[in-house]
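Visitor: If you scroll down you'll find the structure; I have some questions about it.
The values are calculated or read from the model by the stated rules, or taken from the named source; none is laboratory data. Source: prediction; values computed, not measured. All Cβ positions, even for glycine, are placed from backbone atoms using ideal geometry, and neighbour counts span all protein chains on display. The accessibility values were calculated without ligands, DNA or RNA, using every heavy atom of the protein model including side chains. Shrake-Rupley method; radii C 1.70, N 1.55, O 1.52, S 1.80 Å.
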Amino acid sequence: MAGIDDQQAFSGIRVFDATQGIAGPHSTMLLAQHGADVVKMEPPEGDWGRVLGKTIGQTCVHFLAFNRGKRSICLDAKSAEGRRITRDLVAKADVFVESFRPGAIANIGLSYEEVREINPEIVYASISGFGQSGPFTKRPTVDLLIQAYSGMMVMNKGNDGLPHRQNMIAVDVLTGLYAFQALSTAIIRKIRFGKGSRLDISLMQAAAAFQAAKVMEFHEAKGKPLPLYMPSGMMPTADGMMVISGMRSAHFKALCEVVGRPDMAGDPRYETQELRLKNSPQMMADLRTEFPRRTTAEWLKDLHARGVMAERVLDYGQWLEEEHVKAVKSVAWTEFDGFGSLPVVNIPGVTPIQDFPESTYVPLMGEDGPDILRGIGYSDADIDALVAGGKVQVTTR
């Protein structure tokens, strides 16, 4: 993030962020958290990611989560003045990221061809649902639909036998991660060889890449893949739920002894991993009858003592209170206007928020517009005229 540490990986890298929602903003936020100066362009009505779920003022929790460390300029990019500003921003940028419907970015003069004419070494990334080519390129979509389309829901089949969604914006978040990875390598290429890049990042392909092993496994097993190993799964206890994982034969034997069923360890039906997979329904049913006898904590103590992998099932509130979470400072409690103190989770590999609290800055719509314009050569008189004419919108705290 600009201004925090001039020796971060992307310090000095200028990013023009024309994304909205979650996937694109997540990727550019990660660049910002590694030092890049990310200028977020918002339309007059603001990024639609500001109104996901409960909204207070101009923002919501999801916007806070995926737009930290950026600066915002709010303008009408279709106007003559807006086009002039966007071209000036492009000329100064190292990276341009957009998430418009494929082809629509040309309506504001920021297609790849137009941007490359202004800035031949630009790293240009487009983030969309189905990508920039193919029969579905124009098809509108969201995280939920890609979960269905990609097979993720079938992979997440419940005990009721029905496909289920991940009850979070899983595909959007992981698409942001893949986009950040692609942007990072493209930036390195630009630095080393002076070459720009054209990146096509789609939710559809990101969801597929995330499930690559399962796709291969499904094909190899003719549509009927087995679990990776058994026993593995949910166990009801006297005071909640826990999960167990008995990958190796030694783990299975220890598990059976801890739960008081040493006979199962010697049962020929469960002698090998292959047999445990084949006979897992009965094996898991027998194990589940034992766990309600004791509390989760009691089971964990004895299972961990024998080297058996097991954990309690927590909700987010319980996780926040966990001793380990607090000890490693996984969360930084941060004040946000209107929301009060919220737990912001530190990102692996990024300087902890506790060390750089400035990284939690989330802009209001157009809050940084005047400073951004000054940085690309606009005078105060120019800026005043743009604001007075409604071509640039500025929100102050």
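Visitor: Condition first: in a loop (DSSP other than H, G, I, E, B), open to solvent by less than 60 Å² (accessible area, probe 1.4 Å) and within 15 Å of THR237 (Cα to Cα). Now tell me which residues in segment 261-293 satisfy that.
Guide: Across segment 261-293, the qualifying residue is only GLU290.
Visitor: Of all residues in segment 97-111, how many are open to solvent by less than 40 Å² (accessible area, probe 1.4 Å) and not in a loop (DSSP other than H, G, I, E, B)?
Guide: The total comes to 5.
Visitor: Sticking with this one: Within segment 30-45, track down each residue that is in contact with a strand residue (DSSP E or B) (Cβ under 8 Å, 6 or more places away or on another chain), open to solvent by less than 10 Å² (accessible area, probe 1.4 Å) and over 13 Å from THR19 (Cβ atoms). Before the answer, list the steps.
Guide: Taking segment 30-45 first, the residues in contact with a strand residue (DSSP E or B) (Cβ under 8 Å, 6 or more places away or on another chain) are 31-32, 36-44.
Still in the running and open to solvent by less than 10 Å² (accessible area, probe 1.4 Å): 31-32, 36, 38, 40, 42.
Passing the criteria: only ALA36.
Visitor: A follow-up question, please. Keeping to segment 51-61, report how many residues are touching a residue at least 60 places away in the same chain (Cβ under 8 Å), outside any loop (DSSP other than H, G, I, E, B) and surrounded by fewer than 22 Cβ atoms within 10 Å (Cβ to Cβ).
Guide: Number satisfying all stated conditions: 2.
Visitor: Which of the numbered conditions does SER197 fail, given that it passes all the others? Conditions: (1) open to solvent by 30 Å² or more (accessible area, probe 1.4 Å); (2) among the small types (Gly, Ala, Ser); (3) more than 17 Å from the chain's Cα centre (by Cα); (4) closer than 22 Å to SER126 by Cα.
Guide: Unmet for SER197, out of (1) open to solvent by 30 Å² or more (accessible area, probe 1.4 Å); (2) among the small types (Gly, Ala, Ser); (3) more than 17 Å from the chain's Cα centre (by Cα); (4) closer than 22 Å to SER126 by Cα: (1).
Visitor: Any residue that is open to solvent by 90 Å² or more (accessible area, probe 1.4 Å) and in contact with a helix residue (DSSP H, G or I) (Cβ under 6 Å, 6 or more places away or on another chain) - is there at least one of those in segment 165-180?
Guide: For segment 165-180, residues open to solvent by 90 Å² or more (accessible area, probe 1.4 Å) and in contact with a helix residue (DSSP H, G or I) (Cβ under 6 Å, 6 or more places away or on another chain): present.
Visitor: Name the pairs whose Cβ atoms lie under 7 Å apart, with the first residue in segment 299-325 and farther than 15 Å from MET242 by Cβ, the second open to solvent by 70 Å² or more (accessible area, probe 1.4 Å), and 6 or more positions between them or separate chains?
Guide: Taking only residues 6 or more apart or on different chains, the pairs are VAL325/TRP319.
Visitor: Wholly within segment 121-229, which helices (runs of 4 or more DSSP H) include no fewer than the required count, namely at least 3 residues that are under 30 Å from GLU271 (Cβ atoms)?
Guide: Hits in segment 121-229: 212-220.
Visitor: When you look at ALA93, is it among the small types (Gly, Ala, Ser) and either in contact with a strand residue (DSSP E or B) (Cβ under 7 Å, 6 or more places away or on another chain) or open to solvent by less than 50 Å² (accessible area, probe 1.4 Å) (or both), yes or no?
Guide: Criteria met by ALA93.
Visitor: Does ALA208 satisfy the criteria of being small (Gly, Ala, Ser) and either touching a Ser or Thr at 6+ places or on another chain (Cβ under 8 Å) or open to solvent by 30 Å² or more (accessible area, probe 1.4 Å) (or both)?
Guide: Yes; evaluated as a whole, the condition is true for this residue.
Visitor: Given (1) more than 29 Å from GLU323 (Cα to Cα); (2) in contact with a Phe, Trp or Tyr (Cβ under 6 Å, 6 or more places away or on another chain), identify the lone condition not met by GLY246.
Guide: (1)
Visitor: Next question, about the same structure. Residues MET235, MET241: which one is closer than 30 Å to LEU52 by Cβ, over 25 Å from the mean Cα position of the chain (by Cα), outside any helix (DSSP H, G or I) and among the aliphatic types (A, V, I, L, M)? Walk me through how you get there before you give the answer.
Guide: Details: MET235 fails: closer than 30 Å to LEU52 by Cβ.
The unique qualifying residue is MET241.
Visitor: Let me ask you something else. Among the residues of segment 326-350, which ones are of a type in the set (S, T, N, Q) and either within 22 Å of LEU174 (Cβ to Cβ) or open to solvent by 50 Å² or more (accessible area, probe 1.4 Å) (or both)?
Guide: Selection gives SER330, SER341, ASN346.
Visitor: Taking GLU81 as meeting all but one of (1) in a loop (DSSP other than H, G, I, E, B); (2) touching a helix residue (DSSP H, G or I) at 6+ places or on another chain (Cβ under 7 Å); (3) surrounded by fewer than 20 Cβ atoms within 10 Å (Cβ to Cβ); (4) not basic (Lys, Arg), write down the number of the exception.
Guide: For GLU81, the exception is condition (1).
Visitor: Six or more apart or on different chains, Cβ under 6 Å: which pairs go from a residue in segment 353-374 that's touching a residue at least 40 places away in the same chain (Cβ under 8 Å) to one that's of a type in the set (Phe, Trp, Tyr) and crowded, with 22+ Cβ neighbours inside 10 Å? Could you list them?
Guide: Listed pairs, sorted by first residue: none to list.
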